[in-house]
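Below you'll find the structure, written out as structure tokens, and then a few comments.
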Amino acid sequence: MPKLKVSLLTGRTIRQGQGKEYGKLSERYWKSVANCEIDPEDMKYLGVKENQSVKITTDYGSVVVKAVKSLRAPHRSMVFVPYGPWANIIVNTETHGTGMPSFKGIEAIVEPAPNEQVLHLQELLRQHYKKE
């Protein structure tokens, strides 16, 4: 399967903010943050279509999210994941004394994950943080 080396950016979105208002355990929140915006040409290269699972791996972790065609293209080899528990798994937790981790310009690998499902929040926390 193809893999793509990318620069990962994370940040706030309107949909993420709206989803939070419904509660972090809501489906609306889950759908607003458990995704990755990818340049349409990069999606073609990876052989993924919208809403198919992709795996993002960094030096800090790995997570499966849904691929979403970026409306801000072209921006080859750059992907965007909204702030949330899925993004937190793949960013560096080191804050370098600022109280905030670096959320931009993280080296990552994106690859198709056709046999993997995007985890709901409770399962994500159980699997990655061993919390019940």
Helical mean residue ellipticity (222 nm; -39500 (n - 2.57) per DSSP H run of 4+; nearest 500) of the chain: -6500 deg cm²/dmol
Considering only the chain, percent of DSSP beta bridges that pair antiparallel, nearest 5: 65
Under 21 Å from K104, Cα to Cα: lysines that are on another chain or at least 8 residues apart: K3, K5, K55, K66, K69
Pair E94, I14: separation of 7 Å Cα→Cβ label points (nm): 3.7
For segment 4-129: span of alpha carbons on each principal axis (Å, largest first): 35, 33, 27
Percentage relative contact order, segment 4-129, counting C-alpha pairs under 8 Å, at least six apart: 37
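No lab work stands behind these numbers, since they all come straight from the coordinates. Only a predicted model underlies this, so the values are computations on that prediction, with no experimental measurement involved. Here Cβ is always computed from backbone atoms with ideal geometry, including for glycine, and neighbour counts include all displayed protein chains.
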